[in-house]
Amino acid sequence: MKILVVGAGDVGRFLSQTLSDVGHNVTVIETSETTAQEVDESANVKVVEGNGASAQMLQKAGAGDCDFFLAMTSDDRTNLIACSLAKALGAMSTIARIHDQTYSDNSLVNYQLHFGIDFLLNPEALSAVELAKCIRHPGRVAVENFARGEIEVHQLRIARKSRFTGKPLKELHLPAGMRIGMVQREGKTQVPDADSVLETGDLLTLFGLTDVLMKVRPYFEPEKLADNIRVVLFGGSETAVALVRLLKNPRFKLRIIESDPKLCRSLAERFPHITVINGSATSLRLMEEEQIGSVDYFVACTKDDEDNIMTCLQANKLGARHVQLVINKPDYEDVLDQLKETLGVELAVAPRKATMEELLRYLTLDRYTELATLPDRGGKIIELRVSSDSPCVSRKIRDISWPRGAIIVVLLHKFQAKMPGPDDVILPGDRLVAIVREDSLKPLLKMLTE
């Protein structure tokens, strides 16, 4: 594929080199003469020096006939303008890296649609999703996140005291925003319908909006009542803000420690349900005063890697149950990965790696991407793009004869995710997430991608 990357900072350089290594034709546009020369000498990519937000420069670099256009500079506005221009010139798919949550707020204007951008990518938000996985669901059998944390899949076993046992699904009155995708019983897997009856010990695979799944779990597992989880975040960064949004359920008791008084006031006004402390977690005295040793999770997510590492060491020594951090410098990633156990760090997340992993799901000409394999022969969770030639295009989900052993659980239209209903219409270019048995994979792909 022909891929054009604007910006050769840490993320852009890492991305372009990785894409080149897997065989793509990559061109990089970079404003800095020094950086452009460094990339030209070290990476197997074509480098063009110039302004990536200039229509003439984009045309010169070949934006008009590229398969993917990636604006990866550190400036949000440059990325938005560059993607909008590239789409106008003819680029097939455009992806913009953003940091400011403003551009994810669609309450007044949908920035993504306004600028004609196919995908807005926020490295800090992706990092927060990785951190939130462990915090929201420690020890679960299977937890995955789709649509950047909006939708999750859980696996659980129906407890003996569940009020859902012995009743067909149509009588359960399950809330909107969730779906039972698979039922496994005595080694056999089935896709349930309205008349399916649940039994004690059944292994269920649930898809749904995060808040909905958290509310409904006690009905399946009444013995496992959720306790409050105490979380302390060090730093009021974009990652911390995204994490606060992901942990908005009342069971999470959040505190943020931030040294900037102005930022503290802003955070307190935006999130009145959390506690904001003005100070630095590098102070042992403050850590002791805030009783960090008794918290469930301590997450260091400042922009300063040294502070993140040192405060995690302190938190672990004081007795925090789980310690996580964000690592920003590429040079620290491999070393920290090797020393996590020694340092007492449970999870270290790197924004550029999270960005790369997310992009690789979309930068493919494959018919589908395998997102997860469910245990006990429970099938696969796949994501696929609907082709314009699919016989399912312009038809309602209820009117399509789906293969046995396959169920559509997420519909992504213009990268907006939703739980599909029977009256939703399949359109060309839509992305679908499905649970599918191995023997149903080929028929499903033939219906949607050929």
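The values are calculated or read from the model by the stated rules, or taken from the named source; none is laboratory data. Note that the structure is a prediction, hence the values are computed from the model and not measured. Every residue, glycine as well, gets a Cβ built from its backbone with ideal geometry; the counts of neighbours run over all protein chains shown. Ligands, DNA and RNA are stripped out before the accessible areas are found, and what is left, the full protein with its side chains, is counted by its heavy atoms. Shrake-Rupley method; radii C 1.70, N 1.55, O 1.52, S 1.80 Å.
Stokes-Einstein diffusion of the chain at 10 °C, 1.306 mPa s viscosity, Kirkwood radius from Cα pairs, rounded to a whole number: 67 µm²/s.
Taking each residue as 0.36 nm, the span from Glu438 to Ser196 lengthens on full extension beyond its C-alpha to C-alpha distance by 85.0 nm. Calculated FRET efficiency, Glu370 to Lys248, Cβ-Cβ distance, R0 = 35 Å: about 0.70 to the nearest 0.05.
With Rh defined as the Kirkwood radius, the inverse of the mean 1/r over Cα pairs, the Rg/Rh of the stretch 245-369 is 1.03.
Here the gap between Asp105 and Asp260, fully extended at 0.36 nm per residue and compared with their Cα-Cα distance, gives a gain of 53.3 nm.
Rolling a 1.4 Å probe over the protein chains gives His413 an accessible area of about 80 Å².
Each pair of Cα atoms in the stretch 205-276 enters the Kirkwood radius, and Stokes-Einstein at 25 °C and 0.890 mPa s then converts it into a translational diffusion coefficient of 179 µm²/s.
A Förster radius of 35 Å, combined with the Cβ-Cβ distance separating Arg163 from Ile400, puts the computed FRET efficiency at roughly 0.60.
The distance separating the Cα centre of the stretch 35-65 from that of the stretch 168-214 comes to 50 Å. Is there a pair in Lys167/Lys442; Lys133/Lys303; Lys188/Lys446; Lys133/Lys442; Lys170/Lys446 whose C-alpha atoms are over 27 Å apart, and which pairs would that be? Result: Lys167/Lys442; Lys133/Lys442; Lys170/Lys446 exceed 27 Å. For the stretch 9-90, the equivalent ellipsoid derived from the Cα gyration tensor has semi-axes of 19, 14, 12 Å, listed largest first.
Modelled spin labels at Lys2 and Asn44, positioned 7 Å past Cα toward Cβ, are 2.1 nm from each other. Here Val393 sits with roughly 30 square angstrom of accessible surface, probe radius 1.4 Å. Computed over protein heavy atoms with a 1.4 Å probe, the accessible surface of the chain works out to 46 Å² per residue.
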